[in-house]
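Remarks on the structure that follows.
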Amino acid sequence: MSGEKILVVDDSEPVRVFLESTLRGAGYAVRCAACGEDALGHCREWHPDLVLLDVLMPGMDGHMTAIEIKFDERLKDTPLLFLSADLSEESRSQGLGLGAEAYVRGGAAVALGALLTPVAAVLGFIDAGDVKDANCGGLEQTAKANAGTVPPGTRHVPDAPVKKKPQ
């Protein structure tokens, strides 16, 4: 990893702080947005390598944000990974149908590998097989409990074979 840019989009501040800390600790450059509208601005300005997108947000929800990203000629190739407490099959199917590379159900903080493995796979660093669906639950509660507990500089390397990022 060489500082790939990840945009975290979630309306919950504790979740954003936890994900930002976790991803920075894994070596990624991270920006955060609290809503879909702000996410679009960050995407157009910063051109992230991956967008981690919550589904359930007020205003423009994650699905609508994904549609806007995929229909914008400059952003349409931006990989999306949904992170959501929405456990419904309908939401998962809709997210993947909108072009997301993966959908992490219930959040990702319970097991960091459940977050970092799909992120590394979507960015092409590991061959993790089919990472379209992960289920780990409890993001909001775990993020609040662990807020600020991931030490800066901590690196998590998923247990999966590493492959070179495609050029």
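The values are calculated or read from the model by the stated rules, or taken from the named source; none is laboratory data. All values derive from a computational prediction rather than experimental measurement. Cβ sites come from the backbone with ideal geometry, for glycine too, and all protein chains shown count toward neighbours.
Do you know which residues across the stretch 11-44 are β-branched (Val, Ile, Thr) and in contact with a strand residue (DSSP E or B) (Cβ under 6 Å, 6 or more places away or on another chain)?
Val30
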**Prompt:** Does the stretch 54-67 contain any residue that is surrounded by 14 or more Cβ atoms within 10 Å (Cβ to Cβ), at pLDDT below 90 and under 22 Å from Gly25 (Cα atoms)?
**Reply:** no
**Prompt:** In the stretch 8-29, which residues are surrounded by fewer than 23 Cβ atoms within 10 Å (Cβ to Cβ) and either among the acidic types (Asp, Glu) or under 22 Å from Asp72 (Cα atoms) (or both)?
**Reply:** Asp11, Glu13, Glu20
**Complete:** Within the stretch 68-93, the residues that are farther than 20 Å from Cys43 by Cβ and surrounded by 15 or more Cβ atoms within 10 Å (Cβ to Cβ) are Ala85, Asp86, Ser91, Arg92
**Prompt:** Do we find a residue being under 22 Å from Gly124 (Cβ atoms) and of a type in the set (Phe, Trp, Tyr) anywhere in the stretch 45-58?
**Reply:** yes
**Request:** Under 6 Å between Cβ atoms, at least 6 apart or on separate chains: pull out the pairs that start in the stretch 1-23 with a residue that is in contact (Cβ under 8 Å) with a residue 24 or more places away in the chain and under 18 Å from Ile126 (Cα atoms) and end on any residue that is of a type in the set (Gly, Ala, Ser) and surrounded by fewer than 19 Cβ atoms within 10 Å (Cβ to Cβ).
**Result:** Met1/Gly27; Gly3/Ala29; Lys5/Ala29
**Prompt:** Quick one: would you say Ile6 is over 21 Å from Leu116 (Cα atoms) and not basic (Lys, Arg)?
**Reply:** no
**Fill in**
Per the list (1) under 21 Å from Ile126 (Cα atoms); (2) not in a loop (DSSP other than H, G, I, E, B), residue check on Thr78 breaks on (2)
